[in-house]
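Visitor: Take a look at the following structure, please.
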Amino acid sequence: MSLNKELIDKIITVTSRAAISCHKFVGKNDKNNADRAATDTMRNEINKLKINGEVVIGEGELDEAPMLFIGEKLGAGGNLDIDIAVDPLEGTNFVAKNLPGALSVISIAEKGNLFNAPETYMDKLAVSNKVPNDATDLDFPLEKNIKNLSDSLNKDIKDINVCLLNRPRHIKIIDELKQMNVKMKLISDGDVSGALMVTDEKYNVDLFLGIGGGPEGVLAASALDAYGCKFQGRFIFNSDRDISRAKQMGIKDLKKKYNLKEIIRGDSIFCATGITSGDLVDGIDVKDNMYTTQTLVTHKGSNMCNIVIREDTIKT
């Protein structure tokens, strides 16, 4: 069994049902129970699949259950050994406050093909497949990246649009972008969707950068790979605990800059189901007992980058 159409359909079901399970918490200011509902459902749905799965990018360690923890074994067994990266509810605050952009996200790849790292922060950069590979780099000064983007895309600097999280840690970047008169799309959360906005001109984002979650970086890289986009990331290990866990996982160079092909190799499936409507997909629509979901699906092996609409009548 490989990452085929049948498995794609089953992974869509995983994120769709995880999204539906936490929909009842939209606007209830209860992000913890929303996250728990999505996590429990995602675990239950993955455990129905005939796979030997292991979580390599998750929401915590073993002692932080009920989150889907790094190293957790999932699946009902079978001939397919896979790595799993998860974010059952990206945008807990979006659900709690009924704001746009909440997603349920998963990526899978054959065993050994998804990067295994502790849950920590990551410095990231993503650009579209229309930008030459050597035009941007995580280690370039910001001004050089912007000028190279301007030249590569044949756009005035004032028309370049950069997406990043609106965080105090990014004040210096934001100030520099202002000085260059660059447009900005500042997001409050949700840096999986933020990174994926470089995939299509309709989002009007030329560059995604800044420090966000490491798990979200790996998830985004999986989808960006299917689009042929560029992604770079550098994990940030600030605590002794993070450093210890990284070394246990075989990470020797704690300052290494990873390119996309080092984070995700071979074939992969990525699914992101909307809970509340955002830039990438619409949120859940409920009529009577019918839940309609939209899922962004990528499958590198078949060059699939589609929106899939599903109807489900499960009870929550």
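Visitor: Over 22 Å from THR295 (Cβ atoms) and out of contact with any Gly (no Cβ under 7 Å at 6 or more places or on another chain) - does that describe any residue in region 100-111?
Guide: yes
Visitor: Select from region 201-218 the residues that are among the aromatic types (Phe, Trp, Tyr) and surrounded by 24 or more Cβ atoms within 10 Å (Cβ to Cβ) and list them in ascending order.
Guide: Within region 201-218, just PHE208 meets the criteria.
Visitor: Sticking with this structure for a sec: Looking at the structure I just gave you, is ILE70 within 28 Å of ARG241 (Cβ to Cβ), in a strand (DSSP E or B) and not polar (S, T, N, Q)?
Guide: Working: within 28 Å of ARG241 (Cβ to Cβ): yes; in a strand (DSSP E or B): no; not polar (S, T, N, Q): yes.
Taking the combined requirement at face value, the residue does not satisfy it.
Visitor: Shifting gears a bit: Can you find a residue in region 287-301 that is out of contact with any Cys (no Cβ under 8 Å at 6 or more places or on another chain), exposed (fewer than 15 other Cβ atoms within 10 Å of the Cβ), of a type in the set (D, E, K, R) and not assigned by TED's automatic domain parsing to the domain that holds PHE231?
Guide: Checked region 287-301: at least one residue is out of contact with any Cys (no Cβ under 8 Å at 6 or more places or on another chain), exposed (fewer than 15 other Cβ atoms within 10 Å of the Cβ), of a type in the set (D, E, K, R) and not assigned by TED's automatic domain parsing to the domain that holds PHE231.
Visitor: Okay, next question. Taking ALA135 as meeting all but one of (1) crowded, with 16+ Cβ neighbours inside 10 Å; (2) in the same structural domain as CYS229 (by TED's automatic domain parsing); (3) touching a residue at least 60 places away in the same chain (Cβ under 8 Å), write down the number of the exception.
Guide: (3)
Visitor: State the number of residues belonging to region 269-295 that are part of a strand (DSSP E or B) and out of contact with any Gly (no Cβ under 8 Å at 6 or more places or on another chain).
Guide: Total meeting the criteria: 11.
Visitor: Would you confirm whether any residue within region 227-235 is under 19 Å from VAL192 (Cβ atoms), in the same structural domain as LYS130 (by TED's automatic domain parsing) and at pLDDT below 95?
Guide: yes
Yes/no matrix, rows are residues, columns are (1) in contact with a helix residue (DSSP H, G or I) (Cβ under 6 Å, 6 or more places away or on another chain); (2) within 22 Å of THR276 (Cα to Cα):
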{"position": "SER152", "(1), (2)": "no, no"}
{"position": "LYS158", "(1), (2)": "no, no"}
{"position": "LEU164", "(1), (2)": "yes, yes"}
{"position": "ILE171", "(1), (2)": "no, no"}
{"position": "LYS185", "(1), (2)": "no, yes"}
{"position": "ASP191", "(1), (2)": "yes, yes"}
{"position": "ALA220", "(1), (2)": "yes, yes"}
{"position": "TYR227", "(1), (2)": "yes, no"}
{"position": "PHE235", "(1), (2)": "yes, no"}
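Here is a yes/no grid of residues against (1) part of a loop (DSSP other than H, G, I, E, B); (2) on the phi < 0 side of the Ramachandran plot:
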| position | (1), (2) |
| --- | --- |
| LEU7 | no, yes |
| ILE11 | no, yes |
| VAL26 | yes, yes |
| ALA38 | no, yes |
| THR41 | no, yes |
| GLU45 | no, yes |
| GLU59 | yes, yes |
| GLY101 | yes, no |
| SER104 | no, yes |
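Visitor: If you don't mind, there's one more thing I want to ask. Of all residues in region 70-86, which are modelled with pLDDT of 95 or more and among the charged types (D, E, K, R)?
Guide: LYS73, ASP81, ASP83
Visitor: Taking ASN129, is it surrounded by fewer than 17 Cβ atoms within 10 Å (Cβ to Cβ), modelled with pLDDT under 95 and over 17 Å from ARG43 (Cα atoms)?
Guide: Here the answer is no, as ASN129 does not meet what is asked.
The values are calculated or read from the model by the stated rules, or taken from the named source; none is laboratory data. Here the structure is a predicted model, which is why all the values come from computation and not from measurement. Virtual Cβ from ideal backbone geometry, glycine too; neighbours counted across all protein chains shown.
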